[in-house]
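Engineer: I have a structure I would like to understand better, so I am pasting it below and will then ask my questions one at a time.
The values are calculated or read from the model by the stated rules, or taken from the named source; none is laboratory data. Just so it is clear, the structure is predicted and the values come from calculations on it, not from any experiment. All Cβ positions, glycine included, derive from the backbone under ideal geometry; neighbour counts span all protein chains shown.
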Amino acid sequence: MSILLQNTINAPIELKGITLHKGKIANLKILPSPPNTGITFKRVDLKTDNIINASFQNVSEATLCTTISNSNGVSVSTIEHLMAALYGKNIDNAIIEIDTDEVPILDGSSKDFVQAIEKVGLKSQSSPIKIIKILKKVEIKNGNKKISIEPSKTTLEIDFEIDFNNPIIGKQRNNVNVYESDLNDIYNSRTFCLYEDIERLREMNLAKGGSLQNAVVVKNDEVLNNDGLRNDKEFVNHKILDCIGDLYLSGHKIVAKIVCSQGGHKLTNELLRKVFSNNENFSIFELKEKIIPHSFLNKAQLKSIA
Ligand SMILES: [Zn+2]
């Protein structure tokens, strides 16, 4: 199998579970799809206008989770943990069939998606992979929240920090190299919330499917989940997971360095919109062995991207 070719999944995957915000049961299938088709969602509970491309341009809401919608207003929410698994596990093309408007939350992390993809494996396809290389620094600031993206030689590095007014969460910072680091702690880190926010979310008719089975809940200086945390930096690691998933709405793997403080779905989407609004900020190229400039990639580094 060439390391330079696109991949889809080797066999269909089926997953079922409750959705976080609406509290419905969702049936989800991940199916193989042809080269250069990217990640596409299909609402199988609807007969027409049911295709939604996983693109940053289709993000219609990004407050608590990432929602994408097509031009007819058909949407699917909470796509970010699935998108992160597809990015990290090198799935370039797939159709995601779903029978409701939200992806199941499962255990609140990407763990089940990652395990399901690993179980069926990848199928190499006949087209070269495409990479987005960032050429200029782009930054978004909003109050105390900021995110920037800048050129990097061969990696996608994400440096993320959070600062919560809570003794358990507090300040956490982590830095990962998406193509070279062991991402297991990132994949396994669950979505989290403060106990005092649950009431507010329920009043907004959200988090109806939320429970200690699919979220870390923090009350003052206590983690309410019986087994505690899965890793020392689970909070910031989950934010990195969200960031990877949201970045994949660019359509391809990215070579860049991201620095983010206090950001989230909305800020990441604003960043992508700003990057792609100007052709001078990026280039997209096919990773063909013959055309790779020596200065850009050597074989060892290439392997980590492909
Ligand atoms: Zn999340």
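Engineer: Residues of the range 227-248 being at pLDDT 95 or above, out of contact with any strand residue (DSSP E or B) (no Cβ under 8 Å at 6 or more places or on another chain) and over 18 Å from Leu82 (Cα atoms), which ones?
Structural biologist: Gly228, Arg230, Asn231, Asp232
Engineer: Is the range 79-88 home to any residue that is closer than 26 Å to Val217 by Cα, out of contact with any Pro (no Cβ under 6 Å at 6 or more places or on another chain), of a type in the set (Asp, Glu) and away from the ligand (no atom under 12 Å from the Cβ)?
Structural biologist: Looking through the range 79-88, none of the residues is closer than 26 Å to Val217 by Cα, out of contact with any Pro (no Cβ under 6 Å at 6 or more places or on another chain), of a type in the set (Asp, Glu) and away from the ligand (no atom under 12 Å from the Cβ).
Engineer: I would also like to ask the following. Would you confirm whether or not the range 29-38 contains a residue that is within 25 Å of Lys208 (Cα to Cα) and within 15 Å of the ligand (Cβ to nearest atom)?
Structural biologist: no
Engineer: Check Asp99, Asp112 and return the single one that is within 16 Å of the ligand (Cβ to nearest atom) and surrounded by fewer than 22 Cβ atoms within 10 Å (Cβ to Cβ).
Structural biologist: Of the residues listed, the single one that is within 16 Å of the ligand (Cβ to nearest atom) and surrounded by fewer than 22 Cβ atoms within 10 Å (Cβ to Cβ) is Asp112.
Engineer: A further question follows. Scanning for something closer than 22 Å to Ser181 by Cα, surrounded by fewer than 20 Cβ atoms within 10 Å (Cβ to Cβ) and of a type outside the set (Gly, Ala, Ser), does the range 73-81 turn up at least one residue?
Structural biologist: Within the range 73-81, not a single residue is closer than 22 Å to Ser181 by Cα, surrounded by fewer than 20 Cβ atoms within 10 Å (Cβ to Cβ) and of a type outside the set (Gly, Ala, Ser).
Engineer: Now for a different question. I'm trying to understand the selection: among the residues of the range 95-136, which are more than 25 Å from Gln213 (Cβ to Cβ) and among the basic types (Lys, Arg)?
Structural biologist: Correct list: Lys123, Lys130, Lys133, Lys136.
Engineer: Sticking with this one: Any residue in the range 105-123 that is basic (Lys, Arg), closer than 18 Å to Ile240 by Cα and at pLDDT 95 or above?
Structural biologist: Yes, the range 105-123 has at least one match.
Engineer: Further, regarding this structure: Where in the range 169-283 are the strands (runs of 3 or more DSSP E), entirely inside, with at least 1 residues that are more than 16 Å from the ligand (Cβ to nearest atom) and either touching a residue at least 24 places away in the same chain (Cβ under 8 Å) or of a type outside the set (Val, Ile, Thr) (or both)? It would help to see each step written out before you state the result.
Structural biologist: Numbers: elements: 171-177, 192-194, 216-219, 253-261.
Where strands (runs of 3 or more DSSP E) fall fully within the range 169-283 and carry at least 1 residues being more than 16 Å from the ligand (Cβ to nearest atom) and either touching a residue at least 24 places away in the same chain (Cβ under 8 Å) or of a type outside the set (Val, Ile, Thr) (or both), they are 171-177, 216-219, 253-261.
Engineer: Just a yes or no: is a residue in the range 118-128 within 16 Å of the ligand (Cβ to nearest atom) and in contact with a Leu (Cβ under 8 Å, 6 or more places away or on another chain)?
Structural biologist: No, the conditions are met nowhere in the range 118-128.
Engineer: Further question on the same structure: Within the range 51-66, can you find the residues that are buried (at least 17 other Cβ atoms within 10 Å of the Cβ), more than 11 Å from Leu249 (Cα to Cα) and either free of Cβ contacts under 8 Å to residues at least 40 places away in the same chain or away from the ligand (no atom under 15 Å from the Cβ) (or both)?
Structural biologist: Passing the criteria: only Ile52.
Engineer: Hey, among the residues in the range 186-213 that are buried (at least 20 other Cβ atoms within 10 Å of the Cβ) and not β-branched (Val, Ile, Thr), which one's modelled with the lowest pLDDT? Can you show your working first?
Structural biologist: Start the filter on the range 186-213 by keeping residues that are buried (at least 20 other Cβ atoms within 10 Å of the Cβ), which leaves 186-187, 189-192, 207, 209-210.
If we keep only those that are not β-branched (Val, Ile, Thr) as well, we get 187, 189-190, 192, 207, 209-210.
On the way: Tyr187: 98, Ser189: 98, Arg190: 98, Phe192: 96, Ala207: 84, Gly209: 90, Gly210: 90.
Checking each candidate, the answer is Ala207.
Engineer: Of the conditions (1) surrounded by 23 or more Cβ atoms within 10 Å (Cβ to Cβ); (2) at pLDDT 95 or above, Leu20 clears all except one; give me its number.
Structural biologist: Checking Leu20 against (1) surrounded by 23 or more Cβ atoms within 10 Å (Cβ to Cβ); (2) at pLDDT 95 or above, the one that fails is (2).
Engineer: Moving on. Considering each of Lys146, Lys119 in turn, give the residue that is of a type outside the set (Ser, Thr, Tyr), surrounded by fewer than 20 Cβ atoms within 10 Å (Cβ to Cβ), under 22 Å from Ile186 (Cα atoms) and touching a helix residue (DSSP H, G or I) at 6+ places or on another chain (Cβ under 9 Å).
Structural biologist: Answer to the selection: Lys146.
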